[in-house]
Amino acid sequence: MEIGWSLVFDFVLLSLLLLVATFLRVKVRILQRLLLPNALVAGFLGFLLAQVLRLVSFHHLENLIYHLLNLTFAALTLGMVTRGRSYGQAASTGILMSFVFALQLLVGFALTFLLMGTLFPDLFPNFGSLMAIGYASGPGQAFSFGSSWEGRGFAHGGEVGLIFGAVGFLWAYGVGVVWLNVGVRRGRAALLRDLRRVPREVWTGILPRRGRRPLGEEVSSSEAVDTLSLQVALCGLVYALAYLVVRILSLGSDDTAWGAMFVVTVVVGMAVRKIMERTGTDFLISPGVQRHLAGVCVDYAVAASVAAISLPALRAYAFPLLLLSLAGGLVTVLAFLWLPERVWRNYRFERTLVTYGTLTGTMDSGIALCRVVDPELRTPAVEDYVRGMPLMFLLILPLYGLLFLPLSAYGSERSSLLYSLTLAGLFLFLLLYLLMWKKMGLWRSGAQR
């Protein structure tokens, strides 16, 4: 019997890199002050070792990234908090996340179409959408879509998605840490007036023995089935159902449906969660354990995503990558300079840190920034973000549907019309989100502020 070790080797190497990154975070002050997550540092170390120095080689990073991404959303949707206090601020957070994502898509597509009409006529029309997906959803989602478009002629599509995702982290932590420091000094944080009072564990990332908390609620007896095993099995159920749905959707089509696998996983996960609530079986779900499962998947997916960045892709698309990365980051910063005072009643600074970090990195990025000013998460910023996620997912689903318009236009005689319809559709969605804020009484005018 021949035993394959290549996938296990990738897992072991990523694990070793995460351990090294954890050690560096504890010991290196600059990493602490930048709040760089261990997974990101591990990914850069992997990129250096594999892509630059060629000392090691990975074998299945693309498969790991793809499946860990989908399992992340299976766990997140199962662990969602759907009940709680007043939903207004949570709804406003969900709308804001959708609004900024639509804005990023609009900028990405507009600049891509401009480049196609001038300097880069052969640029793939959905190139700019990977900037928005990489920033707002993370490198895994961008890789998933980009790799599915390679069959349509998008050379290095998956790698481009990974690059945008990695640059998004630089915006998340580079600008986010500056924003954090300035905000605290100006008294905008509700609970913190001096960064010197931030607990040491926030900087080092390691909790002291006396401050450690349980991972989640146990819902089963270990002699029958371990709680962790049961939660993993529930994730497996969601993923299996999502696979069947995508399998049906992909009949007679190309690989694009598989690129949207995480979107289907979100929908299926929300449906499974709702069915379990209606049938009274949701007591089998341990939300805390599910969120930690999602965290495990995110850590390994982020490390793998950065380690898999391709130097040939960087060289092939240097100028478009630079232009869209800068434009996407700047428009996101401008959106957060304008929106918070208009859409949130309280804890605007904490909510800004959570959502800005998420819309340029991942959910963990936003929570990491927020924990500096709210170590025990006593403000409702993170909770309202989690409670606003179902609404956000529902609102952004049509935006992913718009991605098919430029794809169908590529190489056709109607390309100009369909490209214009794509931009018009995104603009209409931005207006729709503004209207939702006002109709729900969540938009605050100048007099109200």
Q) So which residues in the range 412-427 are among the hydrophobic types (A, V, I, L, M, F, W, C) and loosely packed, with under 15 Cβ neighbours inside 10 Å? A) LEU417, ALA424, PHE427
**Q.** Residues satisfying the stated conditions in the range 412-444, i.e. more than 19 Å from ASN126 (Cβ to Cβ), more than 27 Å from the chain's Cα centre (by Cα) and among the aliphatic types (A, V, I, L, M)
**A.** none
Q.
I'd like the full set of residues that are in a helix (DSSP H, G or I), over 14 Å from TRP258 (Cα atoms) and modelled with pLDDT of 90 or more, limited to the range 130-156.
A. LEU130, MET131, ALA132, ILE133, GLY134, TYR135, ALA136
Q.
Against the definition (crowded, with 16+ Cβ neighbours inside 10 Å and free of Cβ contacts under 8 Å to residues at least 60 places away in the same chain), how does GLY128 come out, yes or no?
A. no
Q: Kindly indicate which of ALA409, ALA447 is surrounded by 10 or more Cβ atoms within 10 Å (Cβ to Cβ) and at pLDDT below 85.
A: ALA409
Q.
Checking the structure you have, find out if any residue of the range 245-256 is modelled with pLDDT of 90 or more and within 24 Å of the chain's Cα centre (by Cα).
A. yes
**Q.** Residue check for GLU62: surrounded by fewer than 20 Cβ atoms within 10 Å (Cβ to Cβ) and under 19 Å from the mean Cα position of the chain (by Cα)
**A.** yes
Q.
Looking at the range 267-287, can you tell me whether even one residue there is part of a helix (DSSP H, G or I), of a type outside the set (Gly, Ala, Ser) and closer than 30 Å to GLN51 by Cα?
A. no
**Q.** Every residue from the range 341-381 that is surrounded by fewer than 20 Cβ atoms within 10 Å (Cβ to Cβ) and free of Cβ contacts under 8 Å to residues at least 60 places away in the same chain
**A.** GLU376, LEU377
Q) VAL264: over 30 Å from ASN346 (Cα atoms) and either in a helix (DSSP H, G or I) or at pLDDT 85 or above (or both), yes or no? A) yes
Q: Would you mind stating whether LEU207 is surrounded by 12 or more Cβ atoms within 10 Å (Cβ to Cβ), closer than 26 Å to PRO37 by Cα, free of Cβ contacts under 8 Å to residues at least 12 places away in the same chain and not charged (D, E, K, R)?
A: yes
(Q) Take the conditions over 23 Å from LEU434 (Cα atoms) and touching a residue at least 24 places away in the same chain (Cβ under 8 Å) and apply them to TYR410. Does it pass? (A) yes
**Q.** Matching entry among VAL298, VAL219, VAL238 (being surrounded by 19 or more Cβ atoms within 10 Å (Cβ to Cβ), at pLDDT below 90 and of a type outside the set (Phe, Trp, Tyr))
**A.** VAL298
Q: Find all pairs meeting these conditions: Cβ atoms under 9 angstrom apart; at least six residues apart or on different chains; first residue within the range 322-338 and at pLDDT 95 or above and surrounded by fewer than 18 Cβ atoms within 10 Å (Cβ to Cβ); second residue basic (Lys, Arg) and not in a helix (DSSP H, G or I).
A: none
Q.
Here's a check for you: in the range 305-321, which residue that is modelled with pLDDT of 90 or more and buried (at least 19 other Cβ atoms within 10 Å of the Cβ) is farthest from ILE367 (Cα to Cα)?
A. TYR317
Q. Does the range 224-247 contain at least one residue that is over 30 Å from VAL28 (Cα atoms), assigned to a loop (DSSP other than H, G, I, E, B), among the acidic types (Asp, Glu) and out of contact with any strand residue (DSSP E or B) (no Cβ under 6 Å at 6 or more places or on another chain)?
A. yes
Q) What number of residues within the range 196-223 are assigned to a loop (DSSP other than H, G, I, E, B) and in contact with a helix residue (DSSP H, G or I) (Cβ under 7 Å, 6 or more places away or on another chain)? A) 11
Q) Residue check: is SER86 more than 28 Å from VAL331 (Cα to Cα), modelled with pLDDT of 95 or more and surrounded by fewer than 17 Cβ atoms within 10 Å (Cβ to Cβ)? A) no
Q.
I need the full set of residues from the range 6-20 which are of a type outside the set (A, V, I, L, M, F, W, C) and within 22 Å of the chain's Cα centre (by Cα), in order please.
A. SER15
**Q.** Criterion: modelled with pLDDT of 90 or more and either closer than 19 Å to LEU96 by Cβ or among the hydrophobic types (A, V, I, L, M, F, W, C) (or both) - qualifying residue of TYR419, TYR385, TYR356
**A.** TYR356
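Which one of ARG278, ARG247, ARG213 is closer than 23 Å to LEU399 by Cα and among the basic types (Lys, Arg)?
Criteria check complete, one pass: ARG247.
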**Q.** Subset of the range 88-132 [closer than 12 Å to THR355 by Cβ and among the aromatic types (Phe, Trp, Tyr)]
**A.** PHE99, PHE101
Q. Is at least one residue of the range 428-443 touching a helix residue (DSSP H, G or I) at 6+ places or on another chain (Cβ under 9 Å), among the basic types (Lys, Arg) and surrounded by fewer than 19 Cβ atoms within 10 Å (Cβ to Cβ)?
A. no
Q | Enumeration of residues in the range 108-131 that are β-branched (Val, Ile, Thr) and closer than 13 Å to TYR419 by Cα | A | THR112
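The values are calculated or read from the model by the stated rules, or taken from the named source; none is laboratory data. Predicted model only: the values in this text are computed from it and were never measured. We place every Cβ from the backbone using ideal geometry, glycine too, and count neighbours over all the protein chains shown.
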